[in-house]
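> Just dropping this structure here.
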Amino acid sequence: MQERYYAALNPQAFYQAKMLEMRQRHVKYEDTPYSLEPNCKESPGGLRDLQVILWVAKAAGLGSSWRELAQRGLITLTEARQLMEKERAFKDIRVRLHIHCGRREDRLVFDVQTPIALSLGFQTTEEGKSVRRASEYLMQRYYWAAKVVTQLNAIMLQNEFRQDPANRALFLQIIQAPRGITHALRRMNQFSILGRYLPNFRRIVGQMQHDLFHVYTVDQHILMVVRNVRRFTMSEHAHEYPFCSQLMANFPNAWLIYIAALFHDIAKGRGGDHSKLGMEDARQFCVDHGLSEEDTELVVFLVEHHLTMSQVAQKQDLSDPDVIQSFARLVRDERHLTALYLLTVADIRGTSPKVWNAWKGKLLEDLYRITLRVLGGEAPSADRELKNRQDEALKTLRLYGLPNDAHVALWKQLDISYFLRHDASDIAWQTRALYDKLDSPTPIVKCRLAPIGEGLQITVYAQDERDVFARICSYFDRKNFSILDAKIHTTRHGYALDTFLVTEQTFANSYRDIISLIEHELTTLIKSEAPLSPPNKGRLSRLSRNFPITPTIDLRPDERGQYYLLSISANDRNGLLYSIANVMTKYKVNLHTAKVMTLGERVEDVFLIDGVVLNNSRNQIQFETELLEALRV
């Protein structure tokens, strides 16, 4: 019967049907073999792909096993052995999955990766400060196997090939080509050429990243960053990030940034500082490929400092002249600043679709523009910046027909830090809302679409009771809002003037419909004297549950000795900021500023605080202990 079936089968039609079926299946399973939670049977490069190859070969009468395909000359004996080995590995993993779960289960989800890895004999290892989980070894083995299946060719390159001057020149030609760079590098990675040509790149192929914000393996993230930098040069993508495209159009030898992108994370997982180790790899590459000292220095600088601009923009106070001066000294000139800015934007965008947002884009662009002015000879001046912002805000207020002196009473109650931490648009908006309500006995809440084009901007003006911040955070918690930024200010006459940038995925297209509702509900909650409900310790995502980070707190006096800096790192979850605010309220800690940064599944927040409790070491320890407990789920 089977013989009659195959005799009647149309091999070409069967092939077309199976190829269509495979393409549809690949789309269903994320169209990549490098998913962090792959399906070992159905994902691209998995067991089903191997079966399809043999089914098609059998339908065409070419053989029904890998050895038969090798005998027919379709693959080599080495390739046949590799494919049989990978097939056994996939089947072994699948059987272990079924046994562990007690049912049919083909997904290598985070919950099962560690027990499956341990059952296969993998162990967690430590090398210096670097820790590699047993699950990382398992998944790296899986990704290598999946890649072999997708390519069916293992192209072996020897040292002589890497050291051949003609091949080095050819590699640089690929990097410098006007088009097709990303495609070429991806094909080279797919067929193992890139890892053979750059041995250190081979070490990170298929390496997972459990930092809670990268969603790609290291090699795929690197190629994604190269792609992002390339898109800044392409007119069809100029609408995505116009400012980056404008800068790239005027940047000579943009291919140097591609090289930096190729090396920026190449040392991940080796132990030690990957920026420093990768910097040395990049230096050796540049020397081997005959780059000039000037170009080599730029590439090395970018790899060494590829995290710096993001950290300064998101964690430090950009209104502080000392912060800007320090960053300007680091970058030294416009060329280094521009290259670092472009690489930073491409890098953040290449971590995860959830990590990049318009607010981070604004912070980075603000830092770029302020630093560029300093590099151009304009010394940072708080007084000049204050006057410029006030003048711009006044121009906007005149457009709305406000009296010439409408702003005076309110602005007298605001110190210089308010004007330096808000741009002219915010100052004008808040002045319009509050100029005739200076001593309002009831809270005032104003909400608008954020000027950056993403999320809502919410201003709260109320008598500065100690629990105002906690009440605001409790409302955001109840609404499942994500807080992208918080500017906390207290006026000279004792009113809280707080501004928040929030977003929430479910109403991304209907912000206008809920603005009035937010203004009403939040005003009512702040006015209420009812005790706040305890913070809801929201559930962690599956990723955070399986790869938790230990919450950390760093509390130290600021440089001027006037306040304390509280730095917090923890898994992100709903209600986290409310939990923090609740502890601050309990210990009568005053909040002056907040820098809120969310990196995928991890938060890194910095607060400027003071309070009597912080001046006593025993009370301070109690405060920190309770804060740590609030960070845990």
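What follows draws every value from the coordinates through simple rules; no lab data is involved. None of the values given here were measured: they were computed from a predicted structure. Note: ideal-geometry Cβ built from the backbone for every residue, glycine included; neighbour counts use all protein chains shown.
> Per 10 Å bin, what is the whole-percent P(r) computed from every C-alpha pair distance within segment 2-233?
7, 26, 33, 24, 9, 1, 0
> Distance check, please: which entries in LYS41/LYS86; LYS437/LYS487; LYS527/LYS588; LYS18/LYS91; LYS276/LYS362; LYS446/LYS586 exceed 24 angstrom between their Cα atoms?
Working: LYS41/LYS86 12 Å; LYS437/LYS487 20 Å; LYS527/LYS588 19 Å; LYS18/LYS91 21 Å; LYS276/LYS362 28 Å; LYS446/LYS586 27 Å.
As for pairs spanning more than 24 Å Cα to Cα, those are LYS276/LYS362; LYS446/LYS586.
> Out of all Cα-Cα pairs in segment 382-631, roughly what percent, to the nearest whole number, are more than 30 Å apart?
Considering segment 382-631, 29 percent of its Cα-Cα pairs are separated by more than 30 Å.
> So what's the net charge close to THR308: Lys and Arg +1, Asp and Glu -1, counting the other residues with Cβ under 14 Å from its Cβ?
Residues close to THR308 contribute a combined charge of +1.
> Considering all projection directions equally, how large on average is the shadow of the alpha-carbon convex hull of the chain, in square nanometres?
Reported value for the Cα convex hull: 34.6 nm².
> Specify the angular offset, from 0 to 90 degrees and rounded to the nearest 10, of the alpha carbon long axis of helix 382-399 from the longest principal axis of the alpha carbons in the chain.
80
> Which translational diffusion coefficient, to the nearest whole µm²/s, is obtained for segment 306-407 from the Stokes-Einstein equation, given a Kirkwood hydrodynamic radius over C-alpha pairs, 20 °C and 1.002 mPa s?
Reported coefficient: 140 µm²/s.
> To continue, here is another question. List every residue whose amide H lies under 5 Å from the amide H of ARG270, counting only residues 5 or more places away in sequence or on a different chain, with H placed 1.01 Å from N in the peptide plane.
Long-range HN contacts for ARG270: none found.
> What ranking, highest mean first, results for peptides 557-569, 315-327, 418-430 when packing means the other Cβ atoms within 10 Å averaged over each residue?
On the way: 557-569: 14.5, 315-327: 16.8, 418-430: 19.7.
Ranked from most to least packed, the peptides come out as 418-430, 315-327, 557-569.
> Using Cα atoms only, what is the angle between the long axis of helix 165-176 and the major principal axis of the chain, expressed in degrees (0 to 90) to the nearest 10?
50
> Same structure, new question: Over the chain, what is the mean sequence separation of C-alpha contacts under 8 Å (at least six apart), divided by residue count, expressed as relative contact order in percent? It would help to have the intermediate numbers written out before the result.
On the way: 889 pairs, mean separation 54.9, N = 633.
Relative contact order here is 9 percent.
> Arrange the peptides 524-531, 306-313 so that the one whose residues have, on average, the most other Cβ atoms within 10 Å appears first. List each step's numbers first, then the result.
Numbers: 524-531: 11.6, 306-313: 19.5.
Output ranking for 524-531, 306-313: 306-313, 524-531.
> For LYS315, list the aspartates and glutamates whose Cα falls under 13 Å from its own Cα; do not include residues on the same chain fewer than 8 positions away.
Straight-line reach from LYS315, under 13 Å: ASP485, GLU604, ASP605.
> Could you work out the relative contact order of segment 2-233, using alpha carbon pairs under 8 angstrom and six or more residues apart, expressed as a whole percent?
It comes to 17 percent, rounded to a whole number.
> How big is the charge dipole of the chain about its Cα centre, in debye rounded to the nearest 20, if each Lys and Arg gets +1 on its Cβ and each Asp and Glu gets -1 on its Cβ?
Charge dipole, the chain, about its Cα centre: 2200 debye, nearest 20.
> About the Cα centre of segment 2-233, how large is the charge dipole given +1 on each Lys and Arg Cβ and -1 on each Asp and Glu Cβ? Please answer in debye to the nearest 20.
That gives segment 2-233 a dipole magnitude of about 340 debye.
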